[in-house]
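Asks: Sending over a structure as structure tokens; questions will come in a sec.
The values are calculated or read from the model by the stated rules, or taken from the named source; none is laboratory data. Model, not experiment: these values are computed from the prediction. As a convention, Cβ positions derive from the backbone with ideal geometry for all residues, glycine included, and neighbour counts pool all protein chains shown.
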Amino acid sequence: MSEDTKPDQRRESSAGLMQYSVESAMPFGPVHPSLKEPEYFKLILEGEKIVQVIPRIGYVHRGIERAAQERTWVKNTYLFERICGICSFAHSLGYTHAVEALTGFEVPKRGRYIRLIVAELERLHSHLLWLGLVGHWAGFDTLFMWVWKDREHILDLEEAITGNRVNKSYSIIGGVRMELPDGIAAKIQTELKYIEKRADYYTKLVETEETLTVRTRGVGRITQETARRLCPVGPLLRCTGIARDVRAEDPYAAYDEIPPHVQTSNDGDIASLLTLRLNEVRDSCRMVSEAVEKLPTGPYKVSIPRAVPQGESTFHVEAPRGELFYFVKSGGGSAPERVKVRSSTVANILTATEMLKGHTLADVPIVLTGMDPCFGCMDRISVLDVDKSKEWSIGGEELRTYGIEYYKRKLS
Amino acid sequence: MKEVSRRNVGQAVGEMFRTVLQTPITEKYPFGDKVVTERFRGKLDIDPVKCTGCSICEIVCPAQVITMVPVGKKMIGTREVEIKRPSFELYTCIMCGQCVDDCKFGALTLTRNFELAVFKKESTIMKKALTIGK
Amino acid sequence: MSSKELTDLASKLGGSVTTHVKTVELNVPPDKVLEACKSVSSMPGLYHLSTITGLDLGEEIGILYQFWQGKGFVVVRTAVPKTDPKIQSITGSLPSAILYEAEIQDLLGVSFEGNPYLGKRLLLPDNYPAEAPPPLRKEADPEKIRKMMGLE
Amino acid sequence: MNPVQVVELLLFPGLTFFVWMAFAFEWLDRKTYARMQGRRGPVVTGPFGLLQPVADFFKLASKEEIIPNQSDRFVLRWGPALFFAAPAIGIVFIPVLGTQAILNHQLDLLFMLFILAFSTLMAAMLGYASAGRYSTIAVGRLVVQYTSYEVPLILSMITPAILAKSLSIGGVNGIVAAQDSMWYIIIAPVAFAIFIIASLAELEKPPFDIPSAKTEIVGGWMTEFSGNTLAYVKLTKSLSYVFLSALAVSLFLGGPGGPVISSNQNLQALFYAIYFFVKLFAVGFLIFVIKTALARVRIDQATKLFWTIITPLSLAQLAVAIFMVFR
């Protein structure tokens, strides 16, 4: 550290919310063991307590919105699907719905039901993936392995229906690509019964196992007022008690006929998120099994001309992580003029930074996982130390000194 | 730390022993067979006999896998037309299946072969249709 | 959402209202955006700022503030000239707009005055050349930008 | 020292054998952990993957070693040898073939305490010497955790010594010999439980794997190690596992004691060895099960747990033991 960069000379405003000294920032990411994808968060610390978090996103920015302007409407289906591996179907659903709204064609009923089935299966696998990851971050690898074991059942179903486990390429403009395979209905029903049984067991486990609840209860708490201010979406919003779900409020696919029971909880912490998501797992099971029973006969797609008329279309779907927003503008050409995608994590990241405040470093992984981040979708947190004005990101030597001092203080 | 005294520690133990008795979920894949479903979208394959060289697949492919290569000329009436056949750079293939859907002659299929790792990416270029289907 | 309230609001702010299938658009001049967004978000019913979209319209850059309520959207629509792309930030009353505004600043080069990310990069790399056009503008040529960044 | 003793010391049941036991424990750990989670565990190398830990050791040892720039090369080079020596020396004080250990003296329980402390000290030294950031945080956590679990660990080890009125484990009238009629796990179950909990903390296993929490601080204090150093450090951790289980067997489960029918001395030794290893694997298995069933706690929660609950409990157990012996 040179003389001309004294701490008080290098102050900047952090997201407009408070002043901090640059010298005391602790970086979290872009490469960190608790982040599976590169993202950078600047954590501002007061001792070991986090007082402010500043995200810097864009480490996996791939310029998809620009790329879409140079591809045809059909090719874009596959492009948007690859924004995110976990909610790939939700992305293709959002895009195809938006384009269908532009063309004015209506997807046949059977096609809409099949879309619902696949979308809910995707929600099941995404929620189970998240539950496993919470177990992993809490150091409970057994839960992680079990949940992922059960998730395989869902993925196998998805492979049987769509032909791939993650990038399904199933929703096309005008309906779905293929008919459901023969004899899948019985298989779906048996697997869903199994998943439902497991969801009951996991609910009991995460609510009673004390080593897990001491890590989750009261951790990452957000209030309803914060949620109203920062507009998170999906489970993060619903865990504060606001019953808001695109599927219920603005139904697409076949959700108008099989409405979801919107789950809410009032605590707004990680423990309530666990219960909430497991309830949603059960609700999705119910919806899929209802849809399979009520599945109407008839065509599953309409063929739509490949030229899309001029216009603008706004559409949103409920991805497993919350509202997923698509805006499509057509200039009447073979390619869209502008496609805007707002994935759920972008909306949730500010809330997650709010959730981190007041917690210690050891809680960062579990809180960040709590919002179910998908940085691939979203497209960095560093820690600042307000009292010490010490740069953590400089060298091992300084960190070592800091560590010694910190534990000296703590033990005395 | 009052919770500690009345804790429910070790809720998972019973389930752990039940899990031991079940078959493990891990598949012995490189040492055994991996079964994929009927619809699995694997490596792209072409039937050179059925291909007419219409170039539809080249147009629809979102990943620019397919390039049409002229392989000869033929006379339609009095007009000389180039005969084209597709060449596939399979290392960029995303297995979306759009070409299979759009092939009117049923020449393209997605096989269930998923063992696609190679040492040289050039070795995945498929020129099957160029040599036979003239 | 009652379109009467929106019409009243539009006439107050000197704008107009257009209705589409699922969206109600409120066209306002750029200096009235903050007021319009404030009024829309405080209307009865839960108005949630879904996102802010930026559009390159040739001479102008269109900015769409999309609020989700019930079965549709309320869109506050404005446009700023490309020669002087500046607009008041709405983050003072709607903090959830911070990232959306920063994204448009990065990708379309509109400065949002009052946004904490003003003048900083959010999505683009820090070494993105300042003289290069923002990537989502129509004049942006990926090849030229790559050359400017020394990638080729 | 006669040749038989040298063979006992170096081959069976001495050092070489216990190193193989360390590999066996690692295998059992991985296999049970995997099977309880619905996975297969090691299957490839050897029957049931039995040779996988050995293969891993040799593979790691043959890898290139990368030493970080700021690190203390001397400590990093020779530290693992000392670190390995701690449980390796300790383990020969454990009686296997009879109530007498290969090496024993009047105060070997104190020596065991020294070894446990030394082992942690070496871990802290190695972590600091490697000068990684994650290692530094991990060493901080390690030391905090050590200060909290050391007291109950020592108190729970002292309890059998009070009951046996001896500070020797494998001596003539040592702790093992004194358990001929009654195992101390029956007289002092709380001390045994506390010993197991403290062992989990010493071994950095869940729920006390805070210094090596891989989702928070990568590899803990071992983050910067590679190649040979890592291979030996990992082997030492497995050996410590065996060592602590053996200590639990000797202090609470009567060591190799059990009903012996034959009067032939060699046959008796065989019986003793079998009893000893059955008990050893039982204790090891207990640790595997606890490890699999629990989630990691936070460092402040662990410290609180040890100081507010476990330490008073172990003091109470000690008081009960003193009362039973000296009433």
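Asks: List the pairs whose first member sits in segment A:90-119 and is more than 17 Å from A:Glu158 (Cβ to Cβ), whose second member is hydrophobic (A, V, I, L, M, F, W, C) and in a helix (DSSP H, G or I), and whose Cβ atoms are under 8 Å apart, counting only residues at least 6 apart or on separate chains?
Replies: Hits for this filter: A:Gly94/A:Phe80; A:Tyr95/A:Phe80; A:Val99/A:Trp73.
Asks: Sticking with this structure for a sec: Identify, please: which residue in segment A:149-170 is among the hydrophobic types (A, V, I, L, M, F, W, C) and within 25 Å of A:Val99 (Cα to Cα) and is, among those, nearest to the other protein chains (Cβ to nearest Cβ)? Walk me through how you get there before you give the answer.
Replies: Going through segment A:149-170, the residues among the hydrophobic types (A, V, I, L, M, F, W, C) turn out to be A:154-155, A:157, A:160-161, A:166.
This time we only want the ones that are within 25 Å of A:Val99 (Cα to Cα), so: A:161, A:166.
Numbers: A:Ile161: 8, A:Val166: 11 Å.
Taking the candidates together, the pick is A:Ile161.
Asks: Moving on. Could you run through segment B:77-95 and say how many residues are modelled with pLDDT under 85 and not in a strand (DSSP E or B)?
Replies: 2
Asks: Here is a follow-up. Within segment D:32-39, can one find any residue that is within 14 Å of chain A (Cβ to nearest Cβ), closer than 20 Å to D:Ser245 by Cα and of a type in the set (Lys, Arg)? Write out each step before concluding.
Replies: So in segment D:32-39, the residues within 14 Å of chain A (Cβ to nearest Cβ) come out as D:32-39.
From the residues that got through so far, the ones that are closer than 20 Å to D:Ser245 by Cα too are D:32-33.
Still in the list and also of a type in the set (Lys, Arg): none.
Looking through segment D:32-39, none of the residues is within 14 Å of chain A (Cβ to nearest Cβ), closer than 20 Å to D:Ser245 by Cα and of a type in the set (Lys, Arg).
Asks: More than 26 Å from A:Val233 (Cα to Cα), among the polar types (S, T, N, Q) and either at pLDDT 85 or above or part of a strand (DSSP E or B) (or both), is that true of C:Thr51? Steps first, please.
Replies: On the way: more than 26 Å from A:Val233 (Cα to Cα): no; among the polar types (S, T, N, Q): yes; either at pLDDT 85 or above or part of a strand (DSSP E or B) (or both): yes.
No; evaluated as a whole, the condition is false for this residue.
Asks: Which residues, taken from segment B:105-125, are more than 14 Å from chain A (Cβ to nearest Cβ) and either surrounded by 15 or more Cβ atoms within 10 Å (Cβ to Cβ) or more than 13 Å from the chain's Cα centre (by Cα) (or both)?
Replies: Within segment B:105-125, B:Phe105, B:Gly106, B:Ala107, B:Leu108, B:Val118, B:Phe119, B:Lys120, B:Lys121, B:Glu122, B:Ser123, B:Thr124, B:Ile125 qualify.
Asks: Any residue in segment C:26-39 that is out of contact with any Lys or Arg (no Cβ under 6 Å at 6 or more places or on another chain), part of a strand (DSSP E or B) and surrounded by 22 or more Cβ atoms within 10 Å (Cβ to Cβ)?
Replies: Keep residues of segment C:26-39 that are out of contact with any Lys or Arg (no Cβ under 6 Å at 6 or more places or on another chain), which gives C:26, C:28-39.
Those left that are additionally part of a strand (DSSP E or B): C:26.
In the following step, the residues that additionally are surrounded by 22 or more Cβ atoms within 10 Å (Cβ to Cβ) were identified as C:26.
Checking segment C:26-39: at least one residue is out of contact with any Lys or Arg (no Cβ under 6 Å at 6 or more places or on another chain), part of a strand (DSSP E or B) and surrounded by 22 or more Cβ atoms within 10 Å (Cβ to Cβ).
Asks: Just for segment B:23-35: of the residues that are β-branched (Val, Ile, Thr) and surrounded by fewer than 17 Cβ atoms within 10 Å (Cβ to Cβ), which one is farthest from the chain's Cα centre (by Cα)? I'd like the intermediate steps shown before the answer.
Replies: Step one: filter segment B:23-35 for residues β-branched (Val, Ile, Thr), giving B:23, B:25-26, B:35.
Then keep just the ones that are surrounded by fewer than 17 Cβ atoms within 10 Å (Cβ to Cβ); that gives B:23, B:26, B:35.
Numbers: B:Thr23: 30, B:Thr26: 23, B:Val35: 15 Å.
By that ranking, first place goes to B:Thr23.
Asks: Can you name the residue in segment B:11-33 that is of a type in the set (S, T, N, Q) and within 7 Å of chain D (Cβ to nearest Cβ) and is also farthest from B:Phe114 (Cα to Cα) among such residues?
Replies: First pass over segment B:11-33, keeping only residues of a type in the set (S, T, N, Q): B:11, B:19, B:22-23, B:26.
This time we only want the ones that are within 7 Å of chain D (Cβ to nearest Cβ), so: B:19, B:22, B:26.
Numbers: B:Thr19: 30, B:Gln22: 28, B:Thr26: 18 Å.
Only one residue tops the list, namely B:Thr19.
Asks: For segment D:89-148, give me the residue count where each residue is under 14 Å from the mean Cα position of the chain (by Cα) and hydroxyl-bearing (Ser, Thr, Tyr).
Replies: 2
Asks: Out of A:Arg56, A:Arg112, A:Arg82, which single residue is within 26 Å of the chain's Cα centre (by Cα), more than 27 Å from C:Leu57 (Cα to Cα), more than 11 Å from every other protein chain (Cβ to nearest Cβ) and at pLDDT 75 or above?
Replies: Values: A:Arg56 fails: more than 11 Å from every other protein chain (Cβ to nearest Cβ); A:Arg82 fails: more than 11 Å from every other protein chain (Cβ to nearest Cβ).
One residue alone meets the criteria, A:Arg112.
Asks: A further question follows. How many residues, within segment A:227-246, are more than 19 Å from A:Thr369 (Cβ to Cβ) and either at the interface with chain C (Cβ under 10 Å from one of its Cβ atoms) or surrounded by fewer than 22 Cβ atoms within 10 Å (Cβ to Cβ) (or both)? Walk me through it before giving the result.
Replies: First pass over segment A:227-246, keeping only residues more than 19 Å from A:Thr369 (Cβ to Cβ): A:228-229, A:231, A:241-246.
Checking the rest, the ones that are also either at the interface with chain C (Cβ under 10 Å from one of its Cβ atoms) or surrounded by fewer than 22 Cβ atoms within 10 Å (Cβ to Cβ) (or both) come to A:228-229, A:231, A:241-244, A:246.
Here the count works out to 8.
Asks: Out of the residues in segment A:154-168 that are out of contact with any Ser or Thr (no Cβ under 7 Å at 6 or more places or on another chain) and outside any helix (DSSP H, G or I), state the one that is surrounded by the fewest Cβ atoms within 10 Å (Cβ to Cβ).
Replies: A:Arg165
Asks: Now for a separate question. Scan segment A:180-195 residue by residue and report those that are exposed (fewer than 14 other Cβ atoms within 10 Å of the Cβ) and under 30 Å from A:Leu79 (Cα atoms).
Replies: A:Asp182
Asks: Kindly establish whether C:Lys82 is touching a Ser or Thr at 6+ places or on another chain (Cβ under 7 Å), over 23 Å from A:Gln224 (Cα atoms) and modelled with pLDDT of 85 or more.
Replies: Values: touching a Ser or Thr at 6+ places or on another chain (Cβ under 7 Å): no; over 23 Å from A:Gln224 (Cα atoms): yes; modelled with pLDDT of 85 or more: yes.
No.
Asks: Moving to a separate point now. When you scan segment D:131-139, do you find a residue that is farther than 27 Å from D:Val176 by Cβ and in a loop (DSSP other than H, G, I, E, B), even just one? Outline the logic, then answer.
Replies: Filtering segment D:131-139 down to residues farther than 27 Å from D:Val176 by Cβ leaves D:131-139.
Add one more test, that the residue is in a loop (DSSP other than H, G, I, E, B), and what stays is D:131-132.
Yes: segment D:131-139 contains one or more residues that are farther than 27 Å from D:Val176 by Cβ and in a loop (DSSP other than H, G, I, E, B).
Asks: Suppose we filter D:Ser119, D:Ser148 for residues that are within 14 Å of another protein chain (Cβ to nearest Cβ) and among the polar types (S, T, N, Q); which single one remains? Give the steps one after another, and end with the answer.
Replies: On the way: D:Ser119 fails: within 14 Å of another protein chain (Cβ to nearest Cβ).
The match here is D:Ser148.
Asks: Looking at segment A:356-369, I want the residues that are within 9 Å of another protein chain (Cβ to nearest Cβ) and have a partner that is part of a loop (DSSP other than H, G, I, E, B) and of a type in the set (Lys, Arg) with Cβ atoms under 7 Å, at least 6 apart or on another chain. Which pairs are those?
Replies: Sorted first by the residue in segment A:356-369, then by its partner, the pairs are A:Ala362/D:Arg298.
Asks: Just the residues that are among the polar types (S, T, N, Q), farther than 17 Å from A:Ile172 by Cα and assigned to a loop (DSSP other than H, G, I, E, B), please, taken from segment A:47-91.
Replies: A:Gln69
Asks: Mind telling me which of the residues D:Ala302, D:Ala319 ends up being within 14 Å of chain A (Cβ to nearest Cβ) and surrounded by fewer than 23 Cβ atoms within 10 Å (Cβ to Cβ)?
Replies: Numbers: D:Ala319 fails: within 14 Å of chain A (Cβ to nearest Cβ).
Answer to the check: D:Ala302.
Asks: Which residue out of D:Val96, D:Val92, D:Val75 is surrounded by fewer than 18 Cβ atoms within 10 Å (Cβ to Cβ) and of a type in the set (A, V, I, L, M)? First the steps, then the outcome.
Replies: Values: D:Val96 fails: surrounded by fewer than 18 Cβ atoms within 10 Å (Cβ to Cβ); D:Val92 fails: surrounded by fewer than 18 Cβ atoms within 10 Å (Cβ to Cβ).
Within the list D:Val96, D:Val92, D:Val75, the selection yields D:Val75.
Asks: Looking at D:Phe58, D:Phe23, D:Phe18, can you tell me which residue is away from every other protein chain (no Cβ under 14 Å) and either surrounded by fewer than 14 Cβ atoms within 10 Å (Cβ to Cβ) or of a type outside the set (Phe, Trp, Tyr) (or both)?
Replies: Details: D:Phe23 fails: either surrounded by fewer than 14 Cβ atoms within 10 Å (Cβ to Cβ) or of a type outside the set (Phe, Trp, Tyr) (or both); D:Phe18 fails: either surrounded by fewer than 14 Cβ atoms within 10 Å (Cβ to Cβ) or of a type outside the set (Phe, Trp, Tyr) (or both).
Being away from every other protein chain (no Cβ under 14 Å) and either surrounded by fewer than 14 Cβ atoms within 10 Å (Cβ to Cβ) or of a type outside the set (Phe, Trp, Tyr) (or both) holds for just one of D:Phe58, D:Phe23, D:Phe18, which is D:Phe58.
Asks: Any idea which residue in segment D:277-327 is nearest to D:Tyr146 (Cα to Cα), counting only those that are outside any helix (DSSP H, G or I) and among the basic types (Lys, Arg)? Write out each step before concluding.
Replies: Kept after step one, since they are outside any helix (DSSP H, G or I), are these residues of segment D:277-327: D:294-298, D:327.
Restricting the remaining residues to those that are among the basic types (Lys, Arg) gives D:296, D:298, D:327.
Values: D:Arg296: 16, D:Arg298: 14, D:Arg327: 34 Å.
Filtering first and then ranking leaves D:Arg298.
Asks: Just name the residue that is farthest from D:Ser71 (Cα to Cα) out of those in segment D:123-133 that are more than 11 Å from every other protein chain (Cβ to nearest Cβ) and surrounded by fewer than 22 Cβ atoms within 10 Å (Cβ to Cβ).
Replies: Among those residues, the one meeting the criterion is D:Ala124.
Asks: Any residue that is among the hydrophobic types (A, V, I, L, M, F, W, C) and touching a strand residue (DSSP E or B) at 6+ places or on another chain (Cβ under 9 Å) - is there at least one of those in segment C:127-134? Step through it out loud before you land on a result.
Replies: Residues of segment C:127-134 that are among the hydrophobic types (A, V, I, L, M, F, W, C), as a first pass: C:130, C:132.
Subsequent filtering for residues that are touching a strand residue (DSSP E or B) at 6+ places or on another chain (Cβ under 9 Å) retains none.
Scanning segment C:127-134 turns up no residue that is among the hydrophobic types (A, V, I, L, M, F, W, C) and touching a strand residue (DSSP E or B) at 6+ places or on another chain (Cβ under 9 Å).
Asks: What are the residues in segment A:171-197 that are in a loop (DSSP other than H, G, I, E, B) and either charged (D, E, K, R) or facing chain B (nearest Cβ under 10 Å) (or both), if any?
Replies: Quick first cut of segment A:171-197, residues in a loop (DSSP other than H, G, I, E, B) only: A:173-174, A:177-183.
A:Arg177, A:Met178, A:Glu179, A:Pro181, A:Asp182 - these are the residues of segment A:171-197 that are in a loop (DSSP other than H, G, I, E, B) and either charged (D, E, K, R) or facing chain B (nearest Cβ under 10 Å) (or both).
Asks: Being away from chain A (no Cβ under 14 Å), of a type outside the set (A, V, I, L, M, F, W, C) and crowded, with 24+ Cβ neighbours inside 10 Å is true for just one of D:Gly227, D:Gly255. Which residue is that? Full working, then the answer.
Replies: Numbers: D:Gly227 fails: crowded, with 24+ Cβ neighbours inside 10 Å.
Selected residue: D:Gly255, the only one of D:Gly227, D:Gly255 that is away from chain A (no Cβ under 14 Å), of a type outside the set (A, V, I, L, M, F, W, C) and crowded, with 24+ Cβ neighbours inside 10 Å.
Asks: Let me ask something else. Could you say which residue among A:Arg151, A:Arg123, A:Arg110 is surrounded by fewer than 24 Cβ atoms within 10 Å (Cβ to Cβ) and in contact with a Pro (Cβ under 7 Å, 6 or more places away or on another chain)?
Replies: Working: A:Arg151 fails: in contact with a Pro (Cβ under 7 Å, 6 or more places away or on another chain); A:Arg123 fails: surrounded by fewer than 24 Cβ atoms within 10 Å (Cβ to Cβ).
That would be A:Arg110, the only listed residue that is surrounded by fewer than 24 Cβ atoms within 10 Å (Cβ to Cβ) and in contact with a Pro (Cβ under 7 Å, 6 or more places away or on another chain).
Asks: Taking A:Ala253 as meeting all but one of (1) buried (at least 19 other Cβ atoms within 10 Å of the Cβ); (2) at the interface with another protein chain (Cβ under 8 Å from one of its Cβ atoms), write down the number of the exception.
Replies: Failing condition for A:Ala253: (2).
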